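The values are calculated or read from the model by the stated rules, or taken from the named source; none is laboratory data. Model, not experiment: these values are computed from the prediction. Cβ coordinates were reconstructed from backbone atoms using ideal geometry, including for glycine residues, and neighbour counts include every protein chain displayed. Keep in mind that these areas ignore ligands, DNA and RNA; they rest on the heavy atoms of the full protein, side chains included. Shrake-Rupley method; radii C 1.70, N 1.55, O 1.52, S 1.80 Å.
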Amino acid sequence: MSLPYIAPWLMAEYKQQVLLFAKGAPSLECVRSHYIPEKNGVCDLTGQKEQEDLFVLANRAGSTLKVSAQSMQIIANIVEIQGADQWYLSLKEQRKALRDRAKAEAKQIAENRKNAPSIVVRRRQPSVVLKDNSTH
């Protein structure tokens, strides 16, 4: 996967932010990953909204930074990221679990519809008007 073009001044800004966050350490550790199907995640490095995949990076002081997959590539060009492979696999498993859950829910709904008692609505015949046979 190639890194999209990033303006040199913007890359310098990202590099400064990452190095400040790393606090002089040569590497950061990836501690979690999140799959957000609603696409409402926000990348702390670039500020991009509507992210589906987020990774949580920790520095040696224990502070965390939530970044998108694209930002992971930017950071990997600046410092080393440890444990990222494990969390990429976890992200794939989260996606698969969500798909499986959606399929199971759809199957359950279809089964509930199939097993639901059917209700037959019968309409009454229109009432028959009796003629008044009384004589006045």
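Values computed for the structure shown
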| quantity | calculated |
| --- | --- |
| Carbon/sulfur fraction of accessible area - segment 1-109, other protein chains in place, 1.4 Å, % | 52 |
| Partners for LYS23 among lysines (Cα-Cα distance below 25 Å; same-chain residues under 8 apart left out) | LYS15, LYS66 |
| Sequence-distant lysines (8 or more away, or on other chains) whose Cα lies within less than 26 Å of LYS103 | LYS39, LYS92, LYS114 |
| Part-to-part distance (alpha-carbon centres) for segment 20-47 and segment 72-119, which is given in Å | 20 |
| Calculated Cα extents along the principal axes in Å (choose from (i) 111, 33, 30; (ii) 43, 42, 26; (iii) 53, 29, 26), label | (i) |
| Per-residue SASA entry for ILE78, accessible area with 1.4 Å probe, Å² rounded to 10 | 40 |
| Rg(Cα)/(2.2 N^0.38 Å) for segment 18-58, N = residue count | 1.30 |
| Peptides 81-89, 4-12 ordered by average Cβ neighbours within 10 Å, highest first | 81-89, 4-12 |
| Surface accessible to a 1.4 Å probe, per residue, for the residues of the chain, Å² | 77 |
| Percent of beta bridges antiparallel (DSSP, the chain, rounded to nearest 5) | 80 |
| Relative contact order (%) - the chain, alpha-carbon pairs under 8 angstrom, separation at least six | 21 |
| Total formal charge among the other residues, if their Cβ is under 15 angstrom from that of LEU20, Lys/Arg +1 and Asp/Glu -1 | +1 |
| Residue-averaged 222 nm ellipticity for the chain, from DSSP H runs of 4+ at -39500 (n - 2.57), nearest 500 | -13500 deg cm²/dmol |
| Angle in degrees between helix 8-22 and the longest Cα principal axis of the chain, rounded to the nearest 10 | 90 |
